[in-house]
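Inspection log for the structure reproduced underneath, given as C-alpha cells.
The values are calculated or read from the model by the stated rules, or taken from the named source; none is laboratory data. The structure displayed is predicted, hence computed values, not measured ones. Positions of Cβ are backbone-derived with ideal geometry, glycine not excepted, and every protein chain shown enters the neighbour counts. Accessible surface areas use protein heavy atoms only, side chains included; no ligands, DNA or RNA. Shrake-Rupley method; radii C 1.70, N 1.55, O 1.52, S 1.80 Å.
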Amino acid sequence: MVQDTIQRRWSSRYGYMLAATGSAVGLGNIWKFPYIMGENGGGAFIVVYLLCILFIGIPVMMAEVVIGKRGRQPPAASFRLIAHEAGASPRWAGTGWFGVLAGYLVLSFYVVIAGWALAYVWFSGSGQFGQGDTATVSALFADLIADPLKLAFFSTTILLGTVVVIGRGVNAGLERAVELMMPVLILMLLVMAAYAGWVGDFQGAFDFMFVADFSKLTLHGVVTALGHSFFTLSLASGIVVMFGAYLPTGVSVVKTSIYIAIADTLVALLAGLVIFPVVFGYGLAPSAGPGLIFQTLPIVFSQMPGGYFFGTAFFTMLVFAAFTSSLAFMEASVAWLEGRFAFRRMQAAFVSGTVLWLLSLLTIFSFAGAEWTKLDLSWLGGGQANIFETIDFLTANVMLPLGGLLIALFGAWIMTKQASREEMATNSIIYNIWLFSLRYVAPVAITVVFLQLVGIIQL
Ligand code: TRP
C-alpha cells in the first residue's frame, strides 16, 4: 500500500524550526536533564552528553529529516518507499513502525508527568506550598501521585488540549501554538536564570556544571547521556521523519538541524542554571532524582522573595514546554490515521487521543501503587519494577538507541547515496562528514554503549 504523497508543508522555515524546537524542548530539558546531570556528577556528564549530541544526535537527526523529505509519507511508508527505491527489503518499514510505537509509549507517561506540572501550577497559584516545610511539600507530592483520580484529571486535561490543537491542523493548530509559546518560554527561562543566580548560589552551580570531574562519571552515566541525547532531540520516535515530510523544498536540512540542536542544548543548560543555583543556595541535594523539581523547588519557592510568582511562572513554563512536545508526539499517528483510514483530522486526533488515554492509565496506576502494575522482571535479570518504570526504561534506554541505530544504518547504507545527496543538498565536505558519522561513528558508539547496557542488566 503506497499512500498519496503528503502535500502539506510548513508555512515557512521559521514555522518548521519553531515546531521542531518546540518538540525537542520539553520535560526532557527542564525536568529530566537537570536530575540526571545531578545524579551523574555534573560537568563530566555534560561533556559526554555534548559529544553524543554532536556526533550521534545531529547526524541521526539529519538522516531522519532526509528520509521524511524523500518519502513525503508518514514514517513507515517513507522507509518503505526509500527501501523500494534502493532495491532493499520492504521490511525496513518496520523501522518506522518501531519509532512510532516508541514515541507512543513515551507519550503515554509524558502526559502524566506534564499533568504533574499542571497540578503544580495550581498548587503554587493557590498557595498550597504553605510555609514550605519539607513535610508539607513531600505530602503534597505523595498525595498527588497516589491519587489516580487527581492524576487522571490533570493528564486528561493535557491530552484533551493536545487533541484539540492537533485536530485543528498543522498550520492553524500546531504552528500557531508553538509560535505563541516558544518565545514566552525562552524569555521566562532567561528571566528566571537571572533571578535564580541572584538569590541562589550561581558560582556553585557554575562550577558543578562546567568543571568536569571525570572521576564522577560512571558507565551508567554514559548510557544515560546517550539515551538522553536521543530523547531530548525527539529522535527515533517517528516525529522528525514526519516533520521532514512537511519540509518545504529549498530549506537547508543541515543548517536547520544544527540550529535546533543548539537551541535544545541551550535550553537544557539554561534550565540547569535556573535549578542548580537554587539547589546549592538552599542546601538541597543535586542528586534527588526524578522528584528534584517537584519535591525540592517548592520548598524554595515558598521561602524566597517573590517565590509565589517565581513558582507559578516556573511550572507554567514547564507545562508549555511539555505541551508543545505532546503536540509533536501526536502528529505522526494522526497523519497516519488520516492517510490510512481517510479520517478527518479532528476524528483522527480523537482516536489517537483515546488510545493514548488508555495507555496513560498504566502509568497513573503505577504511581498509585496498584498491585497489577507491579511486574517481576527477575527472568530478565531485572528486579521488581512497576509498569511505568518498565516503559520508561524500555523506551529511553533500549528502544530509542536501537531505533537510532537502525535509522543510522538505513540512512547510511541502504538509502542510495544519490537520494541522500539530493535531499541533503549541501557541499561535498559536509555531506561526507555526515555520511562518515552516520556510517561508522554513530553505529559503533551506539553498539558499544548498548552492549555495556546489556552487561549492566545482567549484573
Ligand atoms: N524531546 C522531548 C523532550 O525533551 C521528548 C520527546 C521524545 C519527544 N520523543 C519525542 C517529543 C517525540 C515529541 C515527539 O521533552
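Observations on the model:
- Any hit, segment 306-327, residues being at pLDDT below 85, within 21 Å of Gln203 (Cα to Cα) and in a loop (DSSP other than H, G, I, E, B): no
- Cβ-Cβ contacts under 8 Å between residues 6 or more apart (or on different chains), taken from a first residue in segment 125-143 that is within 23 Å of Gly369 (Cα to Cα) to a second residue that is among the polar types (S, T, N, Q) and assigned to a loop (DSSP other than H, G, I, E, B), are listed as Leu140/Gln128.
- Residues of segment 78-135 that turn out to be within 16 Å of the ligand (Cβ to nearest atom), among the polar types (S, T, N, Q) and closer than 30 Å to Phe294 by Cα, as a count: 1
- Single condition Ile6 does not satisfy, out of (1) within 16 Å of Val178 (Cβ to Cβ); (2) open to solvent by 10 Å² or more (accessible area, probe 1.4 Å); (3) away from the ligand (no atom under 16 Å from the Cβ): (1)
- Residue in segment 267-283 that is open to solvent by 10 Å² or more (accessible area, probe 1.4 Å), away from the ligand (no atom under 16 Å from the Cβ), within 26 Å of Val448 (Cβ to Cβ) and outside any helix (DSSP H, G or I) present: no
Per-residue answers, yes or no, for (1) surrounded by 15 or more Cβ atoms within 10 Å (Cβ to Cβ); (2) within 15 Å of the ligand (Cβ to nearest atom); (3) within 20 Å of Gly103 (Cα to Cα); (4) modelled with pLDDT of 95 or more:
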{"site": "Leu174", "(1), (2), (3), (4)": "yes, yes, yes, no"}
{"site": "Trp198", "(1), (2), (3), (4)": "no, no, no, no"}
{"site": "Ala212", "(1), (2), (3), (4)": "yes, no, no, no"}
{"site": "Ala225", "(1), (2), (3), (4)": "yes, yes, yes, no"}
{"site": "Gly238", "(1), (2), (3), (4)": "yes, yes, yes, no"}
{"site": "Met242", "(1), (2), (3), (4)": "yes, yes, yes, no"}
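- Helices (runs of 4 or more DSSP H) fully within segment 129-238 counting 1 or more residues that are among the charged types (D, E, K, R) and farther than 30 Å from Ser11 by Cβ: 134-146, 148-167, 202-210
- If the condition is being within 16 Å of the ligand (Cβ to nearest atom) and surrounded by fewer than 24 Cβ atoms within 10 Å (Cβ to Cβ), then segment 295-316 contributes no residue at all.
- Restricting the first member to segment 315-340 and to residues that are acidic (Asp, Glu), and the second to residues that are modelled with pLDDT of 85 or more and within 8 Å of the ligand (Cβ to nearest atom), the beta-carbon pairs closer than 7 Å and six or more apart or on different chains are Glu331/Ile239.
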